[in-house]
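The values are calculated or read from the model by the stated rules, or taken from the named source; none is laboratory data. Quantities reported herein were computed from a predicted structural model and do not represent experimental measurements. Here Cβ is always computed from backbone atoms with ideal geometry, including for glycine, and neighbour counts include all displayed protein chains.
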Amino acid sequence: MASPPSGRTASVDSDQLLVEANGSTRTLILNRPKQLNALSSTMIKELLRNFIAYEKDDEVKLLIMKGKGRAFCAGGDAAAGSQSILNEGWKWGANFFGNQYLLNYRIATCIKPQVSLLTGIVMGGGAGVSLHGRFRVATDKTVFAMPETALGLFPDVGASYFLSRLPGFYGEYVALSGARLDGAEMLACGLATHFVHSNRLLLLEESLKRVDTSNPFVVCGIIDQFTEQPSLKENSSLNRLEIINKCFSKRTVEEIMSALEQIMASNLADEWVVATILSLRNASPSSLKISLRSIREGRTQTIGECLRREYRMVCHIVRGDFSRDFFEGCRAILIDKDQKPMWMPPRLEQVDDDTVEQYFSRIDDPQWEELNLPTKHSHGRNVESKL
Ligand SMILES: CC(C)(COP(=O)(O)OP(=O)(O)OC[C@H]1O[C@@H](n2cnc3c(N)ncnc32)[C@H](O)[C@@H]1OP(=O)(O)O)[C@@H](O)C(=O)NCCC(=O)NCCSC(=O)/C=C/c1ccc(O)cc1
């Protein structure tokens, strides 16, 4: 589909993605508000097609990404996705995640600035379509999380790149516990680049739509006019960075747990420690172990290397090679909603190092291929500087 004429909105495939053209800007609107804009396969393909087209189109200079309704995006559509994999086989899942990671890579290496308006829920796949972009605007209504360990998955969409670059061992904490961050916390740790009050977001958007340049300094100057410096709440996890660094720097998940439990034993009234321990106890043991290793490996890898490795991991998951926790997590959280997943194996000590290792190996199947990412010479430098 060609870009719509200026000032017009074009819609695609049942309106799941709306594209608004204003002069040199294109506003991409995730439009499944009832599903909190969870990314369907159609939306991912359309976003990918648009990003590829915009890179070549000299008339397009700035991209704006937003969500319709109360969420920016609550992740990939895990409810429909897990059912499609069960009905159609693992290749459906491999194709879904392959396209999504390719989109994440296109966004990370796109030479045109992207401004994501992160108000409302930003989770999982929603982080993948925004945080790799140049400008991430959080608000007083932002609720960010990477909740995949509670779903039997692991923080993917390049999270092993952007979480591993957070201060200290905060990324390990966010990845393993699925902790929710507000807009002020996103800004403080570097996941967001700006904070704008939600009641000024429309004004910011109107100003951005008049931009006629890809110069990031000009774009930044415009966003700066609307920003404010929010304060961290007293109970913010960022005020716990010392404890987080002490516990989440441990080598294994078992050691992280026991470090947290020691703190709990000496201070039973510490609600934050209790909540963190509970979230780790409720998460899939297999997911916790592969997530920790993924973040650790991500620290020294490029965005492309992270996404290729995550693709291997997710392919093992959709094939159910070592565990079916992902299907069980989707059932318990999103389909039956009983919130009581039966993880298998159920205990951390039952997930051995050899099994964890295998999640990082190539898939031994003639029908499987590594994630094929386009060569984007020298853009790696830009990608590194975004966080
Ligand atoms: C805390 C949330 C975001 C909001 O809670 P709420 O305010 O009480 O709202 P609801 O839970 O009632 O959500 C409204 C509707 O949106 C739906 N929804 C809300 N997130 C979603 C969602 N990621 N998917 C598919 N429907 C959703 C949700 O099921 C519900 O549908 P319905 O019951 O039909 O009204 C809650 O919905 C929630 O925990 N959602 C899951 C968030 C989450 O784990 N996301 C990211 C990790 S998973 C991921 O990124 C990709 C996984 C995936 C795996 C395999 C695939 O093939 C494809 C994708």
Checked region 169-182 for anything of a type in the set (Gly, Ala, Ser) and either under 21 Å from residue 231 (Cβ atoms) or within 14 Å of the ligand (Cβ to nearest atom) (or both); matches are 175, 177, 178, 179
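So which of 148, 185 is surrounded by 20 or more Cβ atoms within 10 Å (Cβ to Cβ), within 16 Å of the ligand (Cβ to nearest atom) and among the acidic types (Asp, Glu)? Before the answer, list the steps.
Working: 185 fails: within 16 Å of the ligand (Cβ to nearest atom).
Selected residue: 148, the only one of 148, 185 that is surrounded by 20 or more Cβ atoms within 10 Å (Cβ to Cβ), within 16 Å of the ligand (Cβ to nearest atom) and among the acidic types (Asp, Glu).
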Every listed condition ((1) surrounded by 21 or more Cβ atoms within 10 Å (Cβ to Cβ); (2) within 13 Å of the ligand (Cβ to nearest atom)) holds for residue 115 save (2)
With criteria (1) touching a Lys or Arg at 6+ places or on another chain (Cβ under 8 Å); (2) hydrophobic (A, V, I, L, M, F, W, C); (3) not in a loop (DSSP other than H, G, I, E, B), residue 220 comes up short on (1)
Over region 43-90, the set of residues within 16 Å of the ligand (Cβ to nearest atom) and of a type in the set (Val, Ile, Thr) is 44, 85
Filtering region 248-261 down to residues that are touching a residue at least 24 places away in the same chain (Cβ under 8 Å) and either more than 22 Å from the chain's Cα centre (by Cα) or more than 19 Å from residue 284 (Cα to Cα) (or both) yields 249, 252, 254, 256, 257
Looking across region 96-112 at residues that are surrounded by 24 or more Cβ atoms within 10 Å (Cβ to Cβ) and of a type in the set (S, T, N, Q), the single one that is farthest from residue 220 (Cα to Cα) is 100
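Would you confirm whether any residue within region 342-350 is away from the ligand (no atom under 16 Å from the Cβ), of a type in the set (A, V, I, L, M, F, W, C) and touching a Leu at 6+ places or on another chain (Cβ under 8 Å)?
Yes, region 342-350 contains at least one residue that is away from the ligand (no atom under 16 Å from the Cβ), of a type in the set (A, V, I, L, M, F, W, C) and touching a Leu at 6+ places or on another chain (Cβ under 8 Å).
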Note on region 221-239: residues of a type outside the set (A, V, I, L, M) and either modelled with pLDDT under 95 or surrounded by fewer than 16 Cβ atoms within 10 Å (Cβ to Cβ) (or both) are 221, 224, 225, 228, 229, 231, 233, 234, 235, 239
Apart from one, (1) more than 16 Å from residue 134 (Cβ to Cβ); (2) surrounded by 17 or more Cβ atoms within 10 Å (Cβ to Cβ); (3) more than 25 Å from the chain's Cα centre (by Cα); (4) not charged (D, E, K, R) all hold for residue 211; the odd one out is (1)
Conditions (1) modelled with pLDDT under 95; (2) crowded, with 17+ Cβ neighbours inside 10 Å; (3) of a type in the set (Gly, Ala, Ser) -> residue 380 fails only (2)
Note: among 271, 297, 328, just one is out of contact with any helix residue (DSSP H, G or I) (no Cβ under 6 Å at 6 or more places or on another chain), surrounded by fewer than 16 Cβ atoms within 10 Å (Cβ to Cβ) and not hydrophobic (A, V, I, L, M, F, W, C), namely 271
With the structure loaded, tell me whether residue 153 is touching a residue at least 12 places away in the same chain (Cβ under 8 Å), hydrophobic (A, V, I, L, M, F, W, C) and more than 16 Å from the ligand (Cβ to nearest atom) or whether it fails that test. no
Residues in region 120-145 that are in contact with a Phe, Trp or Tyr (Cβ under 9 Å, 6 or more places away or on another chain) and more than 14 Å from the ligand (Cβ to nearest atom) total 5
The lone condition residue 93 fails out of (1) crowded, with 24+ Cβ neighbours inside 10 Å; (2) farther than 16 Å from residue 64 by Cβ; (3) within 10 Å of the ligand (Cβ to nearest atom) is (1)
Output for Cβ contacts, cut-off 8 Å, separation at least six or different chains, first residue farther than 17 Å from residue 68 by Cα in region 18-34, second modelled with pLDDT of 95 or more and among the polar types (S, T, N, Q), reads 24/213
If we take region 1-120, then strands (runs of 3 or more DSSP E) inside it with 3 or more residues that are at pLDDT 95 or above are 17-22, 25-30, 62-67, 71-73, 114-118
A careful count of residues in region 174-208 that are over 21 Å from the mean Cα position of the chain (by Cα) and either without any contact (Cβ under 8 Å) to a residue 60 or more places away in the chain or under 17 Å from residue 243 (Cα atoms) (or both) gives 7
